[in-house]
Amino acid sequence: MEFSKLTAVSGLSGLYEIVGQRPNGVFVRALDSTKTQFVSNRLHNFSPLDKISIYTTITTNMVPLEEILRAMIAQDAKGEVTMPSHNASPALLREYFYQILPNHDEDRVYAGDIKKMIKWASILKSHEIEWSEDALAQTNNENAEEKTTDSVEVKEDTTA
């Protein structure tokens, strides 16, 4: 399933895949189920995951949610940073999120937002998701930049 088809629905827990639309709502399927249901847009709000971004302290920069979720899943799989339970204390959640996105805006990214991202990452980890090419390219570029900055050697001038 494609990341661009995933949405969060207000009032319903979990993540959903949009499978059809009508003028007064959408048909969605929970990722943990094969059952399709109609959700009215008069009662619920829809938040497509590919349209959500996370605030950072850099004023002109917001990081797409897809990039954050990919980092959370990848670092948990590698064992670099273990994903805490979504029921952990707000201080522990904040500490974890600083490891994922060190420059996030603490005033606009709340502990509840971090809990929600951890829940979503846990759900996505157990499903096969087709990530967008843009996020994949950006993640690969960041990994390449990390490797080049780690391998730069500083040579001292000893000719003085």
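Quick notes on this structure:
- Placing a pseudo-label 7 Å from each Cα along the Cα-to-Cβ vector at residue 43 and residue 78 gives an inter-label distance of 4.4 nm.
- Local electrostatic count, residue 26, Cβ distance below 13 Å [Lys/Arg +1, Asp/Glu -1]: +3
- Scalar couplings 3J(HN,Hα) for the stretch 49-63, obtained by applying the Karplus form with A = 6.51, B = -1.76, C = 1.60 to θ = phi - 60°, are 5, 6, 9, 8, 10, 10, 5, 10, 6, 6, 4, 9, 10, 10, 9 Hz; x denotes Gly and Pro.
- Ranking of 66, 80 by count of other Cβ atoms within 10 Å, fewest first: 80, 66
- Potential lengthening of the chain between residue 57 and residue 2 amounts to 16.8 nm, from the contour at 0.36 nm per residue minus the alpha-carbon distance.
- Amide H within-cut-off set for residue 53, under 5 Å, with H built and near neighbours excluded: 65
- Here the Karplus relation 6.51 cos²θ - 1.76 cosθ + 1.60, evaluated at θ = phi - 60°, turns the backbone of the stretch 22-38 into coupling constants of 9, x, 9, x, 9, 9, 10, 10, 5, 5, 8, 9, 9, 7, 9, 9, 8 Hz, with x for every Gly and Pro.
- Least to most buried among 60, 7, 82 (fewest other Cβ within 10 Å first): 60, 82, 7
Any read-out appearing in this document is the output of simple, stated calculations on the displayed coordinates, not a laboratory observation. It should be emphasised that the depicted structure is a prediction, and the values quoted were computed from it without experimental measurement. Note: ideal-geometry Cβ built from the backbone for every residue, glycine included; neighbour counts use all protein chains shown.
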